[in-house]
1. Out of all the residues in the stretch 117-128, is one or more touching a residue at least 40 places away in the same chain (Cβ under 8 Å), part of a strand (DSSP E or B) and under 13 Å from the mean Cα position of the chain (by Cα)?
2. Out of (1) open to solvent by 20 Å² or more (accessible area, probe 1.4 Å); (2) of a type outside the set (D, E, K, R); (3) away from the ligand (no atom under 16 Å from the Cβ), what's the single condition that is false for Val52?
3. Within the stretch 116-155, work out how many residues are more than 16 Å from the ligand (Cβ to nearest atom), among the polar types (S, T, N, Q) and within 17 Å of Asp176 (Cβ to Cβ).
4. Hey, among Gly159, Gly169, which residue is within 15 Å of the ligand (Cβ to nearest atom), among the small types (Gly, Ala, Ser) and at positive phi?
5. Only residues that are surrounded by fewer than 17 Cβ atoms within 10 Å (Cβ to Cβ) and in contact with a Lys or Arg (Cβ under 7 Å, 6 or more places away or on another chain): list them for the stretch 55-86, please.
6. Consider Ala158 against the criteria (1) part of a loop (DSSP other than H, G, I, E, B); (2) under 23 Å from Phe35 (Cα atoms); (3) in contact (Cβ under 8 Å) with a residue 40 or more places away in the chain: it satisfies all of them except one. Which criterion is unmet?
7. Based on this model, can you work out whether Ser72 counts as farther than 22 Å from Met31 by Cβ, polar (S, T, N, Q) and at pLDDT 95 or above?
8. If Phe8 passes every condition in (1) outside any strand (DSSP E or B); (2) open to solvent by less than 30 Å² (accessible area, probe 1.4 Å) but one, which one does it miss?
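The values are calculated or read from the model by the stated rules, or taken from the named source; none is laboratory data. The model shown is predicted, which means the values in this text are computed figures rather than measured ones. Here the Cβ positions follow ideal geometry from the backbone for every residue, glycine too, while neighbour counts run over all protein chains shown. Accessible surface areas use protein heavy atoms only, side chains included; no ligands, DNA or RNA. Shrake-Rupley method; radii C 1.70, N 1.55, O 1.52, S 1.80 Å.
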Amino acid sequence: MSDLPFTFVVPLPGALPSRVDNHIQRRLSAMQGQFLDQVTYGKMLAEDDRLVYEVYEIHRPEIAGELLMGISIVHPGKVGREFYMTKGHFHTVIDTAEVYYCLEGEGFMVMETPEGETSVEPLSPGKVLYVPPRWAHRSVCSSRQQDLITFFIYPGNAGHDYGTIEQLGFRKLVVDGEHGIEMIDNPRYQGR
Ligand SMILES: [Fe+2]
């Protein structure tokens with residue numbers, strides 16, 4: 001039996017897809033150990049387990065040949081000087097790529113390879129970002145008021161390796177510095 005082609009709509013503004021099979025909400029409590037300022041993180045978490053980002057997924061079989069897609073929404077906010085961001089991940093099948101299409105907001109994609117190459121690409125509406133195979137990726141919302149909203153699509157067999165980033169962190173961080181938005185080396189990076 002073959003699948004039938006299907007369509008769905010991502011209306012703007014808001015970008016809430018007309019078809020959603022799974023809605024993931026990640027709160028501060030899901031981001032243990034990720035933010036640079038752990039003292040502020042602890043204080044904020046004690047006050048309120050704020051919503052940091054959400055993902056709306058369209059279900060397809062997680063096998064080679066399929067494509068998985070959805071909408072990622074990173075809300076505005078900071079922990080200390082560091083902007084709200086996604087957990088970030090490598091793909092379990094590391095030789096798989098991903099495409100992001102920015103629909104709304106302002107932010108960055110922070111990326112790195114296991115060998116230590118780094119890249120931080122600005123995202124703004126209309127921009128398409130190609131994340132090549134082997135590059136871990138994390139979205140960062142740098143707007144003070146607006147969500148960073150992206151459409152993503154990646155191979156069905158890619159899988160998510162969150163553990164490596166949870167353990168090591170990313171080499172680069174995006175922070176609200178004295179002279180505006182800055183990309184800095186992560187002083188807490190665990191190395192390999
Ligand atoms: Fe990915």
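1. yes
2. (1)
3. The number of residues fulfilling the criteria is 4.
4. Details: Gly169 fails: within 15 Å of the ligand (Cβ to nearest atom).
Testing whether each residue is within 15 Å of the ligand (Cβ to nearest atom), among the small types (Gly, Ala, Ser) and at positive phi leaves just Gly159.
5. Matches in the stretch 55-86: Glu66, Leu67.
6. Status for Ala158: all satisfied but (2).
7. no
8. Just one mismatch for Phe8, condition (2).
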